[in-house]
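Notes for the one structure printed next.
The values are calculated or read from the model by the stated rules, or taken from the named source; none is laboratory data. Note that this is a predicted model, so its numbers are computed, not measured. Note that we place each Cβ from the backbone using ideal geometry, even for glycine, and neighbour counts take in every protein chain shown. We work out accessible area using only protein heavy atoms, side chains counted, and drop any ligands, DNA or RNA first. Shrake-Rupley method; radii C 1.70, N 1.55, O 1.52, S 1.80 Å.
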Amino acid sequence: MTLPMVVPAQDLPARVRIHEVGARDGLQNEKAVVPVEVKAEFIHRLAEAGLTTIEATSFVHPKWVPQLADAEQLFPLLGDMEGVALPVLVPNERGLDRALALGARRIAVFASATESFAKANLNRTVDEALGMFAPVVAKAKADKVHVRGYLSMCFGDPWEGAVPVAQVIRVAKALMDMGCDELSLGDTIGVATPGHVQTLLAGLNEAGVPTSSIGVHFHDTYGQALSNTLAALQHGVTTVDASAGGLGGCPYAKSATGNLATEDLVWMLDGLGIDTGVDLGRLTATSVWLAGELGRPSPSRTVRALSHQEQ
């Protein structure tokens, strides 16, 4: 295939690392529980398509996220994936211990920039949640485990509306100061716009958080995920979260729709001449296969366009 035509733009990164979240953030939002064998095959297919960071599962209590209750069964099925980073989400020290016992070497914790979402998601205040994560991060770092800090509601909150940039920076800085290696800025309900993205990134830099430590996680509720991603790339961000086939939302924020589709992201990056290492054809085939397993079509525009061409 000769499309998209490669036309580079100035002042963009030469390479972007895609942090694939479909197997965790995507499948946790499905109504039905996907069989563990299907999850394992999905992750293997993503790796075969060239993705090198694939968030595998979550060690949250099964009562809260029953779709990922099989973490102990899934993670051992991924032991043959050399060269692929397999981060897992952990909510507390118990979750960390469960992950470490299975050999996980990359973990993520998840905080909120707003009090309303912290209450809804973690049943704690923002500062109480940070206090809960501090020993988790310390213990992980003592074991030389890579830690990612997710920060939700960075651009807007369904209960509180607009979120002041300074408020986001305070919580982001707290996550980094406790020892997180990487920060993922979440547009949980998809309300960000490009100027807002660049203002927040500049503010984080001024607060001492380097762009090299920042990833972006956009939802496409208002069709802004790709434009917001481009704004982040123009600022120098080189880590972008995306979900194969556009799977996912947020079970605790009902206005959140799907994540940025990995295929849509790769199409844009391919056209810009930015290297991702991802084979778009194989990735699309993977999402078409998973859509068949889920019994519904992929919401990704690129998946639909490319799969239609092949019919």
* Asked: Which value, in debye to the nearest 20, gives the size of the charge dipole of the chain about its Cα centre, when Lys and Arg are +1 and Asp and Glu are -1 at the Cβ?
  -> 420 debye
* When the accessible area of region 1-113 is split by element with a 1.4 Å probe, what percent falls to carbon and sulfur? -> 55 percent
* Asked: In whole Å, what is the distance between the alpha-carbon centres of region 280-311 and region 125-155?
  -> 35 Å
* Asked: Which value in Å does the Kirkwood hydrodynamic radius of region 26-154 take, with 1/r averaged over all unlike C-alpha pairs and then inverted?
  -> 15.3 Å
* Asked: So what's the back-of-envelope 222 nm ellipticity for the chain, counting only DSSP H runs of four-plus at -39500 (n - 2.57) apiece and dividing by all residues, rounded to 500?
  -> -12000 deg cm²/dmol
* Please identify the trypsin sites (Lys or Arg not before Pro) of region 1-75 that satisfy two criteria: DSSP loop assignment and at most 16 other Cβ atoms within 10 Å. Which are they? -> Lys31, Lys63
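For region 1-88, with only Lys/Arg (+1) and Asp/Glu (-1) charged at the beta-carbon, what is the dipole magnitude about the Cα centre, in debye rounded to 20? Walk me through the numbers before you get to the answer.
Details: 7 positive and 12 negative charges, 48 e Å.
For this selection, approximately 220 debye.
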* Structure fact -> Counting only residues 5 or more apart in sequence or on a different chain, those whose built amide H sits under 5 Å from that of Gly248 are Asn259
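Computed over the Cα atoms of the chain, what is the convex hull's projected area averaged over all directions, in nm²?
Details: hull surface 58.3 nm².
Answer in nm², one decimal: 14.6.
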* Amide H to amide H under 5 Å from Phe155: which residues, 5+ apart in sequence or cross-chain, H placed 1.01 Å off N in plane? -> Thr188
* **29 Å Cα-Cα threshold exceeded, pairs from Lys119/Lys139; Lys141/Lys173; Lys31/Lys141** => Lys31/Lys141
* Structure fact -> Here the net charge surrounding Gly223, from other residues whose Cβ is less than 14 Å away from its Cβ (Lys, Arg +1; Asp, Glu -1), is -2
* Asked: Top mean-square fluctuation among Gly271, Gly248, Gly186, Gaussian network model of the chain, C-alpha springs under 10 Å?
  -> Gly271
* To do: Would you mind checking the radius of gyration and Dmax of region 128-169 based on alpha-carbon positions, in Å?
  => 13.7, 39
* Structure fact -> Dipole check, the chain, charges on Cβ (K,R +1; D,E -1), about Cα centroid: among Thr2, Ser212, Gln167 the Cα furthest to the positive pole belongs to Gln167
* Rounded to two decimals, what ratio of Rg to Rh does region 176-311 give with C-alpha atoms and a Kirkwood Rh? -> 1.00
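At a Förster distance of 35 Å, what's the computed FRET efficiency of Ala305 paired with Val38, Cβ-Cβ distance as r, to 0.05? Numbers along the way, then the final one.
Working: r = 25 Å, r/R0 = 0.71.
Efficiency for this residue pair is about 0.90.
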* To do: Output the direction-averaged projected area (hull surface divided by four) of the convex hull of the alpha-carbon atoms of region 126-199, in nm².
  => 5.1 nm²
